[in-house]
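What follows is a single structure, written as structure tokens, with notes after it.
The values are calculated or read from the model by the stated rules, or taken from the named source; none is laboratory data. Since we're looking at a predicted model, the values are computed, not measured. Positions of Cβ are backbone-derived with ideal geometry, glycine not excepted, and every protein chain shown enters the neighbour counts. Keep in mind that these areas ignore ligands, DNA and RNA; they rest on the heavy atoms of the full protein, side chains included. Shrake-Rupley method; radii C 1.70, N 1.55, O 1.52, S 1.80 Å.
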Amino acid sequence: QVQLVESGGGLVQAGGSLRLSCAASGRTFTSYGMGWFRLAPGKEREFVATINCCDGATYYADSVKGRFTISRDNIKNTVYLQMDSLKPEDTAVYYCAAQRGWVLASKGSQYGYWGQGTQVTVSS
């Protein structure tokens, strides 16, 4: 089992930056692939980024590629989402998630553990 707690959300102007953190508890963090998803009002949950459990490989949604960076610190049991050049359409609740698969996963159904979410609001 793993518990996930997101932090770092807030209000930022368009063009600004935020860094989200997801702290994981448990001894098996290094065996989990980690992902970030977001949910905006009136929209379906959207994949944002993921990082492989073991070799650091990453994959991004086209909408955030080049602007967002996912990383992990296995010593601190934390995954990060660095968000640069933020746009109003990035406004959403951002969730981190964990999955025990070996491949990069972009579907929410592939993840078994979820955090509570952190609100990101980008003003125009």
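For the range 63-90, residues that are open to solvent by 40 Å² or more (accessible area, probe 1.4 Å) and closer than 23 Å to Gln13 by Cβ total 10. Close Cβ contacts (under 6 Å, 6 or more residues apart or on different chains) running from residues in the range 1-16 that are farther than 20 Å from Gln99 by Cα to residues that are in a loop (DSSP other than H, G, I, E, B) and not charged (D, E, K, R) comprise Val12/Leu86; Ala14/Ser124; Gly16/Leu86. Which pairs have Cβ atoms under 7 Å, sit 6 or more apart or on different chains, and link a residue in the range 94-108 that is in contact (Cβ under 8 Å) with a residue 60 or more places away in the chain to one that is open to solvent by 100 Å² or more (accessible area, probe 1.4 Å) and part of a strand (DSSP E or B)? Within 7 Å, the pairs are Leu104/Tyr59; Ser106/Tyr59. All of (1) touching a Lys or Arg at 6+ places or on another chain (Cβ under 7 Å); (2) hydroxyl-bearing (Ser, Thr, Tyr); (3) within 16 Å of Gln1 (Cα to Cα) hold for Tyr94 with one exception: (3). Within the range 91-113, being within 20 Å of Pro41 (Cα to Cα), open to solvent by 50 Å² or more (accessible area, probe 1.4 Å) and either touching a Cys at 6+ places or on another chain (Cβ under 6 Å) or aromatic (Phe, Trp, Tyr) (or both) holds for one residue alone: Tyr95. Only one of the numbered conditions (1) farther than 17 Å from Val5 by Cβ; (2) out of contact with any Leu (no Cβ under 9 Å at 6 or more places or on another chain) is violated by Thr78, and that is (1). Where residues in the range 32-59 are within 18 Å of Leu20 (Cα to Cα), crowded, with 16+ Cβ neighbours inside 10 Å and hydrophobic (A, V, I, L, M, F, W, C), which of them is nearest to the chain's Cα centre (by Cα)? Only one residue tops the list, namely Trp36.
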